[in-house]
Ligand code: SF4
Ligand code: SF4
């Protein structure tokens, strides 16, 4: 799967996103029709039938609806990552042309922030989006500070009868930038708070699935047992690469590493080549550094690839200002 950024503009300024200072700049690039068609051809010859659209806020792109329809017509499954915050005009247009699709063709992850950091107008817009697109939508939530709360997510799932799953991301540092995330020393405490919600998840039959970079050993054996049960045995403690393609046709391996190892999509002949390039790069970095804990080097879970050792971005961030004494891939 490839993630395509339609625009770098956004409607929010989330504390865990490094780009918040320039997200609303009108100078930010937006994906053109020519580039979208090139990407669709590129994925098609790679045999890839899934495409994710994201931003910034992808629905801000003036051609969001046309791009989505075009990709579906070309037989791609389109998944959209959105805040759910859009103008009435964009929502009505989306509703008219997209709401009739089934999840076989189109789906959304609506990433919510806690209502405490959302305005009344944002909350109203999200409600309207979920009312119109709830049948295609799963909720997402990013943990970036110790006192997070899942109760409001469960209320939203119940209110709009959404899929009983939450895609839980862990905010990671972006080397060289300033953003909010839980430092490595705070992850076990975060896991304790997380485990405090297991009863609630069980009661409402909700599976909390992980995005990449969650270290396995921050949970106890007993907590892991409950987590696996909640997720019907499917749970990831992995590390991508995810493959992001920017509006300017640059590619990188994932959001936290978006400032490093960027390449042009034109340097590659297929998605498999891009994947191999970033997979080899991640493997090289992990061979040099291991994982976020010193135990990762010899950990049986890492050796059999059950847990990849947390997010590489923590390691690169720690080494960001050191003299370049290791392999060059650590620094650029
Ligand atoms: S380095 Fe790995 S774990 Fe971290 S964000 Fe990228 S893919 Fe995910
Ligand atoms: S690989 Fe590292 S983070 Fe993962 S379980 Fe082992 S010690 Fe923990």
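A short reminder: the numbers here are calculations on the coordinates, not readings from a lab. Because the structure is predicted, anything quoted here is derived from the model rather than measured. Note that we place each Cβ from the backbone using ideal geometry, even for glycine, and neighbour counts take in every protein chain shown.
Pick from 71, 130, 303: which residue has the top mean-square fluctuation in a GNM of the chain where Cα pairs under 10 Å get a spring? Ranking 71, 130, 303 by mean-square fluctuation puts 303 first.
For region 63-211, the relative contact order works out to 20 percent when only alpha carbon pairs closer than 8 Å and six or more residues apart are counted.
As an equivalent ellipsoid, region 224-332 spans semi-axes of 26, 20, 12 angstrom, where each value is the square root of five times an eigenvalue of the C-alpha gyration tensor, largest first. Which residue, 15, 256, 62, tops the fluctuation ranking in a GNM of the chain built on C-alpha contacts under 10 Å? Comparing 15, 256, 62 in the GNM, the peak value goes to 62. With Cα atoms defining each centre, region 297-324 and region 103-179 are spaced 28 Å apart in the structure.
Ranked by the mean number of other Cβ atoms within 10 Å of their residues, highest first, the peptides 140-146, 217-223, 116-122 come out as 140-146, 217-223, 116-122. Note on region 32-66 and region 200-262: Cα centroid distance 23 Å, given to the nearest whole angstrom. Above 24 Å, the calculated P(r) of region 1-116 contains 25 percent of its Cα-Cα pairs. Of the residues 236, 189, 9, the one with the fewest other Cβ atoms within 10 Å heads the list, and the complete ranking is 189, 236, 9. The residues 33, 252, when put in order of fewest to most other Cβ atoms within 10 Å, stand as 33, 252. Once you've got the GNM for the chain with C-alpha springs shorter than 10 Å, pick whichever of 203, 318, 12 has the biggest mean-square fluctuation. In the Gaussian network model the winner is 203. For 214, 37, 86, the sequence from fewest to most other C-beta atoms within 10 Å is 37, 86, 214. For the chain, the Kirkwood radius over C-alpha pairs fed into Stokes-Einstein at 25 °C and 0.890 mPa s yields D = 118 µm² per second. Estimated from helices alone, the mean residue ellipticity of the chain at 222 nm is -10000 deg cm²/dmol (sum of -39500 (n - 2.57) over DSSP H runs with n ≥ 4, per residue).
Quick one: of the DSSP bridges fully inside the chain, what percent are antiparallel, nearest 5? If we restrict to bridges inside the chain, about 15 percent are antiparallel.
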